[in-house]
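The values are calculated or read from the model by the stated rules, or taken from the named source; none is laboratory data. Keep in mind that this is a model prediction, so the values were computed, not measured. A quick note on method: Cβ atoms are made from the backbone with ideal geometry, for glycine too, and the neighbour counts reach across all protein chains shown.
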Amino acid sequence: MSGAPDGAREAARLFARTFGGEPAIVASAPGRVNLIGEHTDYNGGQVLPIAIDRRLHVAARANGGATVRAVSAQAGEAGEFPLEGARPAAEWWDYVAGTAMHLWAHGVPLRGADLAVWSEIPAGSGLGSSAALAVAAGLALARTAGADVAPRELALAARRAEEEFVGVAVGIMDQFAAALAREGHALRIWCDSGQVEHVPFAEHVLVFDTGVRRSLRDGRFNARREECVRALALLQAIEPGLGALAAATPELVARAALPAPLDARARHVASEMRRVREAAAALERGAALPGDILYASHASLRDDYACSCAELDWFVAHARAAGLRGARLTGAGWGGCAIATGDREALARAAPAIAGEYQSSHARAPRWWITGAAAGASSAPCPSG
């Protein structure tokens, strides 16, 4: 597929049309795909994402006031909120307002600013678009105020915005990937402690957007999280020292004989943690990401966590039939994107045929592209032109 437009210039042009004049800076943050470790982050486990080459760009300029005005090319409606005392509006800019509130509360001296958002990341595709928005907007607000903010601090503010301001119970993976990712590396995250490790990752990944949109606000994500809390409580009655569901072994889960569906939810988390460790160990010794681990992960997400959908299952089955090394859904599931791994030539050969057959059978054209591991959030002066 052709590359995305120059997002920084598009954001600057949107800014000029909306607010007049040029922005001072353009900040950006990437989307992400998770190679392995799905629904383990909020269960105290490990994840292994990479940043992708699709980014969300925020053009910004201080406006001399105490409010933030924001417009998005993709969302359409513009919003405005005060730096102090902002309240959730159930709109896209809640991610911006919540991040600003938490940065302000932790001593980052923000000022009022105008923001224009241009995203290359398909919303609702499970690629971390909301985290990219929060991280890029937080960085833009800090830079327009002449303030420095550490990547980890930015990620934590974005995470708190999503949990406490927007009201979606998330883990730290998306925000950490958006803020801390490094080009040519996967980001191994210990979600219980916040420890990170940059693991070399020189492979390519096919990202396949099924076009099935879903929102974490629709309740299924929060329902799964609540089921995991219940499963942990029952396991702790057997193993009092168990601190997190991700610390449970598959053997403990089997022995506990939890009631359905808690048994299946816990079985997925425990087995997925083993897959994360195996995958990270392979990359650290210079081997390719094991494809059988990815296929096993998808089966577990489909059968035990019940968060796949027919379109995601279709892609994974066709990736396997095409001989691709590994494939699985990525993100929370219930739609969005899947990934496949293999050498770049194999991915490039298989993708058009899979996409064509998908369009014929689903009456929907998928988006797809091949990406390496990209860099995290950054900012730069406004591009000319």
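Quick notes on this structure:
- Residues of the range 171-190 that are over 15 Å from LEU35 (Cβ atoms) and touching a strand residue (DSSP E or B) at 6+ places or on another chain (Cβ under 8 Å): GLY171, ILE172, ALA178, ALA179, LEU180, GLU183, TRP190.
- Those strands (runs of 3 or more DSSP E) of the range 42-158 in which at least 1 residues are of a type in the set (Lys, Arg), considering only elements entirely within it, cover 49-62, 67-72.
- Failed criterion for ALA254 (all others in (1) surrounded by fewer than 17 Cβ atoms within 10 Å (Cβ to Cβ); (2) in a helix (DSSP H, G or I); (3) small (Gly, Ala, Ser); (4) touching a residue at least 60 places away in the same chain (Cβ under 8 Å) hold): (4)
- Selection count where residues are surrounded by fewer than 21 Cβ atoms within 10 Å (Cβ to Cβ) and among the hydrophobic types (A, V, I, L, M, F, W, C), scope the range 301-328: 7
- VAL212 vs. criteria in the same structural domain as ALA346 (by TED's automatic domain parsing), out of contact with any Phe, Trp or Tyr (no Cβ under 7 Å at 6 or more places or on another chain), surrounded by fewer than 21 Cβ atoms within 10 Å (Cβ to Cβ) and farther than 30 Å from LEU258 by Cα: yes
- Check on ALA281, farther than 20 Å from ASP174 by Cβ and either crowded, with 19+ Cβ neighbours inside 10 Å or touching a Ser or Thr at 6+ places or on another chain (Cβ under 7 Å) (or both): no
- Annotation: of all residues in the range 356-379 being under 23 Å from the mean Cα position of the chain (by Cα) and of a type in the set (A, V, I, L, M, F, W, C), the one that is surrounded by the fewest Cβ atoms within 10 Å (Cβ to Cβ) is ALA365.
- Test: residue in the range 290-300 that is in contact with a strand residue (DSSP E or B) (Cβ under 8 Å, 6 or more places away or on another chain), surrounded by fewer than 21 Cβ atoms within 10 Å (Cβ to Cβ) and aromatic (Phe, Trp, Tyr): yes
- Some residue of the range 132-143 being over 11 Å from the mean Cα position of the chain (by Cα), surrounded by fewer than 24 Cβ atoms within 10 Å (Cβ to Cβ) and at pLDDT 95 or above: yes
- Against the numbered list (1) assigned by TED's automatic domain parsing to the domain that holds GLY45; (2) in contact with a Cys (Cβ under 9 Å, 6 or more places away or on another chain); (3) more than 21 Å from ALA246 (Cα to Cα), ALA181 comes up short only at (2).
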